[in-house]
Amino acid sequence: MTPMDWYLNTVANLMQIGVTLTMIPAAIRWIKSLSYPLASWAIGGLLAASVLVSAAALMERLGWLPSEFFGHKPEAIYDRHYRNEAVTLDDKEFFNCTFENVTLVYNGGYSYMASGKLLGDTTFTSNNKVVSNTLSMLYGFHVFRSEVEHIFQPPPK
C-alpha cells in the first residue's frame, strides 16, 4: 500500500466513524417513533456494526491491532524483475516490479500490483476453475484495458 493509499484509507475510516456517530442521535429519535421494534433493532445494529468495522480497520492500519487479527499478511515484493518464469500472484503485493516473458498464476487469493510493467510474451493461467471462467467472461465483455488484454488470449500458433 502506498503512503497516499494509507492516508486516504485512514481519512475515509475516520470520516465513516464520524458520520455514523453524528447520525446516532437522529437515528435514536427516529427509532423511538417507529412502531416496529424489529426495525429499531435492525437499524441500531447496522449503525453499531458500521462503527465497529470502521474502527477495527482504522486500528489495524494504525498498528493498534496485530495484522494476524484480520488473517494472513501478504508478502510485499519491491523492484523485482521476473524473467522467463511462472509467478504466483496469490497472497503477494508487487511494487514497481517488471514481468518479462512470464506466466502469471492467479488462483483467487489476495493480490495487489502497483506501478509494474508487463514486457514480452506474458500469459495468464489459473488452477481455479472459478477464476478462469470469471476472467474469460470479463475478457468477453471487454472489461480489460487494451494494455493487458493480450495476456488473456492464447498465444499465436
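Points to keep in mind about this one:
- Distance between the modelled labels on residue 26 and residue 53, one decimal in nanometres: 2.1 nm (7 Å Cα→Cβ projection).
- Distances between placed amide hydrogens fall under 5 Å for residue 104 paired with 87, 123, 124, 125, all partners being 5 or more residues away or on another chain.
- Length added when fully stretched, residue 129-residue 90, from 0.36 nm per residue minus Cα-Cα: 12.5 nm
- Length released on extending from residue 112 to residue 80, taking residue separation times 0.36 nm less the Cα-Cα span: 10.1 nm
- Both radii are taken from the alpha-carbon atoms of region 9-123; with Rh as the Kirkwood radius, Rg/Rh is 1.23.
Every read-out reported here was derived from the displayed coordinates using simple, explicitly stated rules and does not represent laboratory data. Predicted model only: the values in this text are computed from it and were never measured. With ideal geometry, Cβ positions are generated from the backbone for all residues, glycine too; neighbour counts draw on all protein chains shown.
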